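Read the structure below first, then the notes.
The values are calculated or read from the model by the stated rules, or taken from the named source; none is laboratory data. Predicted model only: the values in this text are computed from it and were never measured. Positions of Cβ are backbone-derived with ideal geometry, glycine not excepted, and every protein chain shown enters the neighbour counts. Only protein heavy atoms, including side chains, enter the accessible area calculation; ligands, DNA and RNA are left aside. Shrake-Rupley method; radii C 1.70, N 1.55, O 1.52, S 1.80 Å.
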Amino acid sequence: MKLWIATLLMVMAGPLWAADWEVNHQGNSPAEVTTYVRDVADSPVKAFRGQVQVAASMTSVLAVITAVDTFPQWVFQSKDARRIAVQGQEKLYMQFNGIWPVSDRDVVLGNTLSQDDQGVITLHSVNLSGVADKRSGYVRIPKLDNRFVLKPVSDGQVQVTFETYVDPGGRVPAWLANLVSTRAPLETLEGLQAQLKKPRFTDVQRGDLPKLPGMDQLTL
């Protein structure tokens, strides 16, 4: 029983880097992206977070963040993204353009979808180790923990939070890694806003969403 309670408290508390955020770009309104950074214990790389309110349905926002083929159009430095089969299960493989002087990166991600009793939907992505061969010319990202959190705030409005900690691996100057921490949430959420204006995502129905694990359990 004590072990179960301790585990529950850890889950409720969330990741150690998810509190005490410092604003580094303040939007002028909820419809403009505000970004944050946070120091991570024993790491030179800061966690980053972005938040914005969009005039769209939960279904439309969920459609954008699960449309893997479009990631290179709006996810910061995304070079390629595709779903792959790993041991009979569908995972996400992504490649990222390096910023000079570092090499390109890649990662394999496992995704989970969940929804709480307030209707908040979370798409949580975590890197998987040892499940796919490394590729020539790419440095495999050893640690990535990413969340898209969708919160309905009013009729036709959704608050989107994008929160990430990444250890890029290899030799990356701390100044460059933290430059990414300031640019990634801003450019990614502004890109998401642009995607929501495209015809593909303006009138999305539930049946248009990919059949991902957990999707059938969501109330939309």
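Kindly list the number of the only condition in (1) open to solvent by less than 50 Å² (accessible area, probe 1.4 Å); (2) over 14 Å from the mean Cα position of the chain (by Cα) that fails for Val149.
Condition not satisfied by Val149: (2).
Taking the condition of being among the aliphatic types (A, V, I, L, M), open to solvent by less than 30 Å² (accessible area, probe 1.4 Å) and either part of a loop (DSSP other than H, G, I, E, B) or in contact with a helix residue (DSSP H, G or I) (Cβ under 9 Å, 6 or more places away or on another chain) (or both), how many residues in the range 103-145 meet it? Give the derivation first.
Looking only at the range 103-145, we keep the residues that are among the aliphatic types (A, V, I, L, M), and these are 107-109, 113, 120-121, 123, 126, 128, 131-132, 139, 141, 144.
With the extra rule that they be open to solvent by less than 30 Å² (accessible area, probe 1.4 Å), the set shrinks to 107-109, 113, 120-121, 123, 141, 144.
Next, only the ones that are either part of a loop (DSSP other than H, G, I, E, B) or in contact with a helix residue (DSSP H, G or I) (Cβ under 9 Å, 6 or more places away or on another chain) (or both) stay: 113, 120-121, 123, 141.
Going through the range 103-145 one residue at a time, the tally reaches 5.
Taking the conditions exactly as written (open to solvent by 30 Å² or more (accessible area, probe 1.4 Å) and either part of a helix (DSSP H, G or I) or of a type in the set (D, E, K, R) (or both)), does Ala177 satisfy them or not? Break it down into steps so the answer makes sense when it comes.
Details: open to solvent by 30 Å² or more (accessible area, probe 1.4 Å): no; either part of a helix (DSSP H, G or I) or of a type in the set (D, E, K, R) (or both): yes.
So Ala177 fails the test.
With open to solvent by 20 Å² or more (accessible area, probe 1.4 Å) and under 23 Å from Asp208 (Cβ atoms) as the only criterion, which of Ala85, Ala41, Ala63 stands out? So that I can check it myself, show each step before the final result.
Working: Ala41 fails: under 23 Å from Asp208 (Cβ atoms); Ala63 fails: open to solvent by 20 Å² or more (accessible area, probe 1.4 Å).
Just a single option satisfies the conditions, and that option is Ala85.
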